[in-house]
Amino acid sequence: MRSPFEVTKAVDLNDPQIERTYVAFGGRERVIVDPTSPMPQFLTGVKGGGRTHLMRHFSYSLQKARGTHALDEIRADGYLGVYFRCSGLNGSRFAGKGQSSEVWSSAFSYYMDLWLTELLIATVRDIGESASWSDDDVVGVFYAVAESIRVPADAKSGGGQALADALDLLSALRVDLDWTINNAAHTGNLDINVRSNPGDLLFRTCQAVGDLPGFEGVRITFLADEYENLGYDQQVYFNTLIREKEAPATFLVGGRSWGIKTHKTLSAGEENKKGSEYELSTIEDTYARDPKAYETFCRDLIMVRLTDFGLSAEEAKEWIGRLSFESDDRFFSKRLGAVLDRYAPSERPYLVRLRAVIRQVRSVTVADEVATTLAFPDYPLLEKLAILRFYQQWAGGQAPSVDIALNARDWVAPLVDGSESVELTNFFNQRKSDAVAQIYNDANRRTAYAGFSELVGMSGFLPRSLLMILKYVAHWASFHGEEVFRGAVPISERALSEGVLDAAKWYLADAKPLGTEGEECEIAVKRLGRYLQSIRYSDKPSEIDITTFSSNLAGVSEEALAVLHRCLEHGLLLEVSGGRASRNHGSTHRKFQLHPMLTPLWGLKPGRRGDATFTTETVHAIFSPLVQELSFSRARETLEIALNAPFRGVIDTRDPLF
Amino acid sequence: MGIEYAAFRRVRVSLSQLPAQHYDLFLSSFNSSTRVGVLARTITATRKIWIVHDEYSYDDSELPDGEVMHAAKSVAPAESWAEVLERVGGLSGLHDMSVAIDITGMMRPHIAMLPFALQQAGAKEVTVYYSDPESYVAGERTRFTKGPVERVGLIPGMEGLHTNRPSPHDALIVGAGYDHGLVKAIAEDKPNAEHIILLGLPSLQPHMYQESVLKLENARESIRDYRPASRAFAPANNPFATAQVIASTVLALGSLDHLYLSAVGAKPQVLGFSWYYWCEAAGQNASFLYPFVERYERDTSNGIAAIHAYVLELAFVRSLERPTMGPGR
């Protein structure tokens, strides 16, 4: 393997690798979900949160691998994890073919019962290989199966009553169902003899397994992963199992947030209630509740991979440090000096533009004097901040003049010797990130991202996204001939920039939903990104480090709202809990953040700080699939005219953003 | 002992040779490309029928003269073929007919189901035609689909038996073409399976292989263990060689819980996947997976470079016998 970050998905790891790369969040087991809980649990989230990794960690095959005697491990754990992927059922088979949805619903219920029971018995049989159960011990399981499916106990050829015989009975029935379901496409007939009442087979067998020696007090936890692969009616049946469950059975369901289609059941149409029939955890929300623990978790994940790759613990720690920029002064003078190296100090692009725009409204002389006044040749960042201050005053209604320039210069100058006021310190701390990004942009360079904390923040509480970032960064560093996993030289800014950009492109393609809905989401987030980019890279950004907007969504069309909600469900946008009180009349606006993984696509900062209030029209222009590109471009142009010198834009007073 | 796919007959023919062979029935899927129209005009047959797929979005005024049958998108291919073939001659209606079918413009799920449908309709032997394009209208940037993949699913009636294990060993063999979006969608639908990408080599035209590989790169993050060693190759215009390569690949994969086949490349390659499925995999732990798209472009190619004829001997198609039962139904 060329890099410890080549494999980023749990599905690509075998059982020993899952265990080797497993890290408990917060340093404690069962913080996120508890497989011994009698209350069924849903573990949801968008792609890449680590659900499958966690669920496989809880699965029987890894319980077994953690010790020498499977049953001892299960007893110590207090549960048996029966893991399966819902995708393996190929749920799309249970539809169409000239049959009604009721017929398919009944067929699926029966199939699901057979499927789960078969899995359980296959797992128990494996345990039995080392548990030295007698025939008498296991006959109860056989009877539970045989009686549930109304097969005489001696019906099987050979008359055996071992676990293997129970398994044969179930497999034969299921295979026959497979055949019948397939052939319905050719014959139009679905002749199924449903041999057990829904849930009977499964729960009776669970109880019989619970009576096996060594299973006293052990929970049987069905770990149903990739739940989004079940259709609506199929989930209704699974919800019914959850509602009607009988001890010792319980369920831990893993799936994407958008894939939980319903909590309805077949039990008189009742709906399962959160807190009563199930608990629900969203894995990235759990991480988000403790960002420090999340960063430690990520650090541990990376350390495990690096040491597994052959680095010593010390080298691994150093490697994480190599993701930072080289040391610099508080004004990043060395780094920004390098960015602007090809320009003469007086020809720095933002000074050129400043002169040009003042020439338009005043004169060449004033333009030159203003530019000279605002110049700090040794400190590009201060220069940029002084210009920002100048633009702020211009936009506030003062005509551009040398006096304003002098005021702006005097305002930032104390930063040079550290004699600044608290107000100036705040201005500096708040504005420096945007100013640095603008300097890069003015010099036709991509915005730089570096430092482990920033990359962790960019992952948006999705560990896989961090792995993807590191994968691409390592790839680009290697491509540029750097010693990626040896030595102490920082990973180059170029490799970091290219890596995060590739990771952002990957995230957009990976996260968006399938089909037309996905295309609509992609268009919407691209419009949002460009709109926010226009704010960040304007002469007078109306917000600081903008990635977030709020709106009361009043009057927003249904189709635009549908796209917005789909973007949320699929992790292209995040909703900020609590929203924001409206600036005008105290009502609460909903607040949304562009997912941090997407921010490099438009040179935005991954964190959340400023919050732009969007009017109904702006939300509509961005999210409505019915709005043409030209109309959106006009909305963006209006914004740019308002936020850039000479600040002549027609400002829509209904929009507090301006 | 497996099937010797190389023994199946295939021949390259010229336009001038086509009229010499007369068929009782000729079926072709209508679209606007030259190669489809020219072949249909040149072949001699007692009865010629156009199959019109919804995916091309033709309205009635745009349809050609002659007998037309519609293949609705809402109807699964098995049912669609049953409707078409029943109208042609009723049950077993193809028993005594000489039949030719041009798959150049045919929707891939229909090609996937074709051998079984023909066998069910009583055909013993059918000649399948395909015309190579000289080029595609926009090279490797040619778009064959209109709009995104709407869903990925098994083709009804090609769903096979399933096994039930916590960590199954599944494999997905994808016949890839230019459209990396289709490959991506398929790979993402079965992320847990071992992925093998089958590419057309030699391709229909020399430059097309490189173009396919370049396009495939766009789907690399979705393809499990993306590397040259997980690729297989078969001539793009030879369905029987494709079937042979699939058979060898499956053998090399060892014991599998489930085999997923999916073909989104050149039509002869799709036919090869289909032929393997119906000759060896039908009724086993194997399914045919497909990324369904709302619409397809009507005309994506220029000219005719070559015409191929493949003879399907339908006695090789497996029957779908009910598995031996344990406790009774």
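Each reported figure results from applying straightforward, stated rules to the coordinates on display, with no laboratory input. All values derive from a computational prediction rather than experimental measurement. Because the Cβ atoms are built from the backbone with ideal geometry, glycine has one as well, and the counts that use them run over all protein chains shown.
Please list, in chain and number order, the residues 5+ apart from B:I101 or on another chain whose amide H is under 5 Å from its amide H, with Hs placed from the backbone.
B:L27, B:T127, B:V128, B:Y129
From zero up to wherever the largest Cα-Cα distance of region B:1-115 sits, split into 5 Å bins and tell me the percent of pairs in each.
2, 9, 20, 23, 20, 15, 8, 2, 1, 0, 0
At R0 = 22 Å, how high is the FRET efficiency between B:D65 and B:S135 if r is their beta carbon distance? Nearest 0.05 is fine. Kindly include the intermediate steps, with their values, before the conclusion.
Working: r = 29 Å, r/R0 = 1.31.
It comes out at approximately 0.15.
What list of ³J(HN,Hα) couplings, whole Hz, do you get for region A:493-499 from phi and the Karplus terms 6.51, -1.76, 1.60, once you set θ to phi - 60° and write x for glycine and proline?
4, 4, 5, 5, 5, 5, x
Can you sort B:I304, A:I121 by how many other beta carbons sit within 10 Å, fewest first? Can you show the working numbers first?
On the way: B:I304 19, A:I121 29.
Result, fewest neighbours first: B:I304, A:I121.
Rounded to the nearest 0.05, what FRET efficiency is calculated for A:T372 and A:Q398 with R0 set to 22 Å and r the Cβ-Cβ distance? Don't skip to the answer; put the middle values down first.
Values: r = 19 Å, r/R0 = 0.87.
Efficiency, from the Cβ-Cβ distance: 0.70.
Which parts of region A:35-49 would a label at A:E270 reach, counting a residue when its backbone N lies under 16 Å from a point 7 Å out along Cα-to-Cβ?
In region A:35-49, the label zone of A:E270 (backbone N under 16 Å from the point 7 Å along Cα→Cβ) covers A:39-40.
Using only helices, what value at 222 nm comes out for chain B when you add -39,500 (n - 2.57) per DSSP H run of length 4 or more and divide by the total residues, to the nearest 500 deg cm²/dmol?
One gets -7500 deg cm²/dmol as the mean residue ellipticity at 222 nm.
Could you work out how far apart the two model spin labels at A:A509 and A:R330 are, taking each label as a point 7 Å from the Cα in the direction of the beta carbon, and quote it in nm?
4.4
Hey, rough spin-label estimate for A:T307 and A:A562, points 7 angstrom out along Cα→Cβ, what's it come to in nanometres?
In this crude label model, A:T307 to A:A562 measures out at 5.1 nm.
Over chain A, calculate the relative contact order: mean separation of alpha carbon pairs under 8 Å at least 6 apart, over the residue count, as a percent. If you can, show how the numbers build up before the last one.
Working: 1016 pairs, mean separation 87.9, N = 658.
Relative contact order here is 13 percent.
Could you list the residues of region B:225-265 with an amide nitrogen less than 19 Å from a label point located 7 Å from the Cα of A:Q17 in the Cα-to-C-beta direction?
In region B:225-265, the label zone of A:Q17 (backbone N under 19 Å from the point 7 Å along Cα→Cβ) covers B:225-231, B:253-254, B:257.
What ranking do A:L466, A:L415 get, fewest neighbouring Cβ atoms within 10 angstrom at the top? Mind showing how you got there, number by number?
Values: A:L466 27, A:L415 22.
Fewest to most other Cβ atoms nearby, the residues stand as A:L415, A:L466.
Considering amide H positions built from the backbone, and no H for Pro or chain starts, which residues 5 or more places from B:V149, or on another chain, come under 5 Å of its amide H?
Counting only residues 5 or more places away or on other chains, the set is A:G515.
Lys and Arg at +1, Asp and Glu at -1: add these up for the other residues within a Cβ distance under 14 Å of B:V75 and post the number. Intermediate values should be presented prior to the final figure.
Details: positive: A:K97, B:K73, B:R87; negative: B:D54, B:E55, B:E79, B:E83, B:E86.
In short, -2.
Mark the label point 7 Å from the Cα of A:A65 along Cα→Cβ and return the residues of region B:133-167 whose backbone N is within less than 19 Å of it.
B:165-167
Using each residue's phi in region A:126-143, evaluate 6.51 cos²θ - 1.76 cosθ + 1.60 at θ = phi - 60° and report the 3J(HN,Hα) Karplus result to the nearest Hz, with x for Gly and Pro.
Whole-Hz 3J(HN,Hα) from phi for region A:126-143: 5, 5, x, 5, 10, 9, 6, 7, 7, 4, 5, 4, 8, 5, x, 5, 4, 4.
Checking the a/c ratio against 1.5 first, then a/b against b/c, what shape does the Cα gyration tensor give for region B:193-329? Each step should come with its number before you reach the end.
Numbers: a/c = 1.92, a/b = 1.43, b/c = 1.34.
Note, shape of region B:193-329 comes out prolate.
Between A:D410 and A:R353, take the C-beta separation as r, use R0 = 22 Å, and let me know the FRET efficiency to the nearest 0.05. Spell out each step's value before the answer.
Values: r = 23 Å, r/R0 = 1.02.
After rounding, the FRET efficiency stands at 0.45.
Report, in whole Å, the centroid distance computed from the Cα atoms of region A:491-517 and region A:95-173.
46
For B:A7 paired with A:R530, estimate the spin-label separation in nm (one decimal), with each label point 7 Å from Cα along the Cα-to-Cβ line.
Going from the B:A7 label point to the A:R530 one covers 6.1 nm.
Check which residues have an amide H placed less than 5 Å from A:Y83's amide H, if you skip close sequence neighbours.
For A:Y83, whose amide H was placed from the backbone, the distant partners under 5 Å are A:Y60, A:L223.
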